[in-house]
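Worksheet: the structure to be examined is printed underneath.
What follows is calculated from the coordinates using simple rules that are stated; it is not laboratory data. A quick note: this is a predicted structure, and the numbers were derived from the prediction, not measured. For neighbour counting, all protein chains shown are included, and Cβ atoms are generated from backbone atoms with ideal geometry for every residue, glycine included.
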Amino acid sequence: GDTAPTPTPVAAVNGGKWVIQVASSPSAKEAKAVLARTQDAAAVLADASAYTVPFSKDGTTYYRARFSGF
């Protein structure tokens, strides 16, 4: 079965501000590369915090690529 991760309240992650997810990948390296490309391409993300969040689905670990601090 699919084990859903325990959600972390947004307030606990970034003081209650917005979080934007831009991708999900089975590769942590690719998820981080997406964050870098996206941050370089969008000036509004220059001061945002980029991070990945792992989760499992159907036996595969994926990495959510997210920005916070808006």
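Counting charges near A50 (Lys, Arg +1; Asp, Glu -1) among other residues having Cβ under 15 Å from its Cβ returns a value of +3. A simple spin-label model places pseudo-atoms 7 Å from Cα toward Cβ; at K57 and A41 they are separated by 2.0 nm. Residues with beta-carbon under 13 Å from that of V34, excluding V34: net charge, scoring Lys, Arg +1 and Asp, Glu -1? Surrounding charge for V34 is +3. Within the shell defined by Cβ-Cβ distances under 11 Å, the residues around S24 carry a net charge of +2, with Lys and Arg each +1 and Asp and Glu each -1. The lysines within cross-link reach of K57, meaning a Cα-to-Cα straight distance under 16 Å and a gap of 8 or more places when in the same chain, come to none at all.
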